[in-house]
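S.K.: If you scroll down you'll find the structure; I have some questions about it.
The values are calculated or read from the model by the stated rules, or taken from the named source; none is laboratory data. Bear in mind the structure is a predicted one, so any value in this text is a computation, not a measurement. All Cβ positions, even for glycine, are placed from backbone atoms using ideal geometry, and neighbour counts span all protein chains on display.
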Amino acid sequence: MDDGVLRDEFLSEDDLDLSSLSDAELVAAWNHWLRLAQASNDADAGTYSHGVFCGIDPQE
Amino acid sequence: MTVGGGNCYLDLTREFNDGRVRAILSSGQAAVVHRIAMMSKDGDWILREDQEACRHILAVLKAHGARYRLGAPLDVRWLRGGWTSHAEFALGDLRVRTDLCTRPPRLSEEDLGALWHRSEGGDFPVVGLVELAEIKKTRREKDYPIIGEIARYLRAAALWRRRWTGVEAMIAGLSIREAHEMIVKAAEGVLPFELSEAS
């Protein structure tokens with residue numbers, strides 16, 4: 001809602017009911033979530049979350 | 001399932017499947033398509049296990065300026081052995097990672113056949129909820145054999161891991177297509193195509 005009032009907004013499971021979103025809202029929320037998730041890029045630069053290399057750090 | 005565009009993983013899935021169904025979106029991003037949860041910033045796909053699919057995926061990744069991460073070369077000889085291939089590129093302010101396999105854990109040949117049949121029927125190529133639940137089982141007691149299987153792969157990849165820093169230096173600055181040829185040569189004889197009984 002853009003009524004000029006600042007609000008804290010969070011993308012928790014409670015706040016984000018994906019099933020109720022329109023397709024456009026889902027994509028917008030998805031893209032926003034991905035942008036927020038980039039904050040951990042430095043921390044997980046060497047990690048693998050999927051596949052048979054899961055859990056390793058090539059730098060070790 | 002009707003799925004629009006405007007998201008890097010949806011768009012990439014369409015690029016992978018241009019002209020032919022070659023890649024099925026899986027794991028975390030599939031969970032978003034099914035409106036279950038947003039849980040991962042990386043993309044996973046199940047690929048067709050043939051060289052044309054590998055060549056096309058490599059061409060798409062090259063167009064995005066992707067680079068290889070430690071993993072198996074994107075080559076059916078390793079993929080059919082259960083190995084996974086990994087790449088990464090920047091898209092605007094996003095780090096996009098592609099985790100690619102042809103033999104996802106816990107899905108039978110029949111499951112995979114049904115999945116490809118459905119995807120070729122015009123549905124957006126994404127794993128279904130049942131397959132997704134199977135693939136995502138990793139932390140339950142009954143799945144410890146799977147974790148043991150990953151440990152077998154990591155043991156088999158020990159020498160490849162040790163050589164990776166040198167390989168990475170060798171391919172620095174090359175396109176993923178050029179790097180691919182060098183990585184295949186470097187991996188042959190070092191990273192076994194399939195796990196042996198002793199692995």
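S.K.: Just one of (1) surrounded by fewer than 22 Cβ atoms within 10 Å (Cβ to Cβ); (2) within 13 Å of chain A (Cβ to nearest Cβ); (3) within 15 Å of B:Cys101 (Cβ to Cβ); (4) among the charged types (D, E, K, R) trips up B:Asp44, so point out which.
M.R.: Looking at each condition in turn, B:Asp44 falls short on (1).
S.K.: Among the residues of region B:143-154, write down those that are more than 22 Å from B:Leu112 (Cα to Cα) and modelled with pLDDT under 75.
M.R.: Answer for region B:143-154, where residues must be more than 22 Å from B:Leu112 (Cα to Cα) and modelled with pLDDT under 75: B:Tyr144, B:Gly148.
S.K.: Does A:Ser12 satisfy the criteria of being more than 9 Å from chain B (Cβ to nearest Cβ), at pLDDT below 90 and assigned to a loop (DSSP other than H, G, I, E, B)?
M.R.: Answer is yes for this residue.
S.K.: Going by the structure shown, is B:Glu188 at pLDDT 85 or above, more than 23 Å from A:Gly46 (Cα to Cα) and acidic (Asp, Glu)?
M.R.: Here the answer is yes, as B:Glu188 does meet what is asked.
S.K.: Still on this structure: Is it the case that B:Ala179 is modelled with pLDDT of 95 or more, out of contact with any strand residue (DSSP E or B) (no Cβ under 6 Å at 6 or more places or on another chain), within 19 Å of B:Leu79 (Cα to Cα) and crowded, with 18+ Cβ neighbours inside 10 Å?
M.R.: Considered against the rule, which asks whether it is modelled with pLDDT of 95 or more, out of contact with any strand residue (DSSP E or B) (no Cβ under 6 Å at 6 or more places or on another chain), within 19 Å of B:Leu79 (Cα to Cα) and crowded, with 18+ Cβ neighbours inside 10 Å, B:Ala179 comes out as no.
S.K.: Still on this structure: Pick out the one residue from B:Gly65, B:Gly71, B:Gly82, B:Gly19 that is surrounded by fewer than 24 Cβ atoms within 10 Å (Cβ to Cβ) and either within 24 Å of A:Leu18 (Cβ to Cβ) or within 9 Å of another protein chain (Cβ to nearest Cβ) (or both).
M.R.: The conditions single out B:Gly82.
S.K.: Name the one entry in B:Phe124, B:Phe89 that is closer than 30 Å to A:Ala29 by Cα, surrounded by fewer than 22 Cβ atoms within 10 Å (Cβ to Cβ) and in contact (Cβ under 8 Å) with a residue 40 or more places away in the chain.
M.R.: B:Phe124
S.K.: Of the residues in region B:25-41, how many are closer than 20 Å to B:Arg103 by Cα and surrounded by 24 or more Cβ atoms within 10 Å (Cβ to Cβ)?
M.R.: Here the count works out to 4.
S.K.: Return the residue satisfying two criteria in turn: it lies in region B:153-167 and is in contact (Cβ under 8 Å) with a residue 24 or more places away in the chain and part of a helix (DSSP H, G or I), and of such residues it is surrounded by the most Cβ atoms within 10 Å (Cβ to Cβ).
M.R.: Selected residue: B:Tyr153.
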